[in-house]
1. Return one whole number: the accessible area per residue of chain B in Å², for a 1.4 Å probe.
2. Given a Förster distance of 35 Å, report the FRET efficiency between B:Asp43 and A:Gln133 from their Cβ-Cβ distance, rounded to the nearest 0.05.
3. Alpha carbon centre of the range B:3-47 versus the range B:53-100: separation in Å?
4. Work out how much length A:Val48 to A:Glu109 would gain on full extension: take 0.36 nm times their residue separation and subtract the Cα-Cα distance, in nm to one decimal.
5. Could you work out how far helix A:22-32 tilts from the main Cα principal axis of chain A, as a 0 to 90 degree angle to the nearest 10?
6. Determine the sum of side-chain charges near B:Ala130: Lys and Arg each +1, Asp and Glu each -1, restricted to other residues whose C-beta is under 9 angstrom from that of B:Ala130.
7. Mean residue ellipticity at 222 nm from the helices of chain A, using -39,500 (n - 2.57) per DSSP H segment of n ≥ 4 over the full residue count, to the nearest 500 deg cm²/dmol?
8. How many square angstrom of accessible surface are buried between A and B, both sides summed, with a 1.4 Å probe and rounding to 100?
Amino acid sequence: MVDFSSLTKGDVVAEETFHLTRDNLVRYAGASGDFNPIHYRDDIAQSVGLPGVLAHGMLTMGLAVQPVSNWVGDPARIVDYQVRFTRPVLVDGATGADVTVTATVGALEEDTQIARIDLTAKYNDETVLGKAQVRVTLA
Amino acid sequence: MAVNPELQGRVFPPTAPYLVGREKIREFSRAVLSTNPVNFDVDAAVAAGHADLVAPATFPVVVQEATLAQLLAEPDAGIDFSRVVHGEQRFTYTRAIVAGDELTATLTVSSVKSLGGHNMITADSDIVDAQGTHVVTAISTLVVRGDED
C-alpha cells in the first residue's frame, strides 16, 4: 500500500508505453459496445475527414489509468477520473501506434489523504489527453 | 440542425438493470490492457477486501452507453450522431463496481451550450446498485460540430 506521507508533488509514480494495433481496437469495440466504424474502417474514417482509423477515446482513457491502478494496487482506490480528448491516436494497420503514459503527483489533499495523479499521454510526441486527472484515496 | 436548448435539465427514465458478470469484467479488463490481478482473479479481489472481481475504472462506460442511446434517440433532441465527437469524460465514484452488481443508470442533461458554431452537451448518468445506493456518476461532454466544418 502506497504511503500518502511519502509522496511529494511532482513525483513520477509510473510510466508505461502501450503498443496499440487494429486488433486492440476490434477487441475494445466488442468489450465496450462502441462499434463506430471510424475505429476499424479506413474508408469510413477518411470519408469524415480523418487521415485513417483512430483509437476509441475511451480506450486511450482506459489504458492511461492502468499504470495508476497498478501503482496503487487496488483500482477501487480510484475515487475520480477525468480526461479531455484533445487529439486522435491514429492506429496504422501495419505498424500500430505507441501511447506513452506518465503519471505524476499533481496535488496532495492532506485532510482526506487523497492524492491527485496527473497523467500525460503522448502519441507521436504530442499529448492526446488534456486535464487527465485521477484522484486516489490512500486513507 | 441545432441541438435543442430545452434539453437542459431533462431527466430520462432509468435504464433496465445491468447485471455485471465476471467474464464481462475480464473481457473489458483485457480490452483496456489491464494486468491488475483484482480485475481477473477472484482470490486476489477477495484478498483485497472485495466481494468479487473489481471492474476497471472506465467500466461504467458499458452501463452508461444505454443512457447515451436514450439521448440520441430523443425525437426533439436535434443531435446529428454523425457530427458527435466525444469531448470530455469523467467518473466520480462512491465505490468500485464488482461482479454481481445489478446497476441502473439515470441520465440528466446538465448543460447544453453553444460555442463557436458548435454545441456542447453534458450528460450525467447516475449509476446506482440494486438497493438504490449510488455507485458512480459517469459524465460525458459531447461536442456536436456545426454545419461549417
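1. Details: 6620 Å² over 149 residues.
Solvent-accessible surface per residue comes out at 44 Å².
2. Computed FRET efficiency for B:Asp43 and A:Gln133 comes out at 0.65.
3. Between the Cα centres of the range B:3-47 and the range B:53-100 lies a distance of 10 Å.
4. 17.6 nm
5. Around 70 degrees separate the two axes.
6. Numbers: positive: none; negative: B:Asp101, B:Glu102, B:Asp129.
For residues surrounding B:Ala130, the net value is -3.
7. The helix-only estimate for chain A comes to -6000 deg cm²/dmol at 222 nm.
8. Numbers: alone 7350 and 7880 Å², together 12690 Å².
Interface area, both chains combined: 2500 Å², rounded to the nearest 100.
The values are calculated or read from the model by the stated rules, or taken from the named source; none is laboratory data. Keep in mind the model is a prediction, meaning the values are calculated, not measured. Here the Cβ is made from the backbone with ideal geometry for all residues, glycine too, and neighbour counts use every protein chain on show. To get the accessible areas, we keep the full protein, side chains included, count just its heavy atoms, and leave off ligands, DNA and RNA. Shrake-Rupley method; radii C 1.70, N 1.55, O 1.52, S 1.80 Å.
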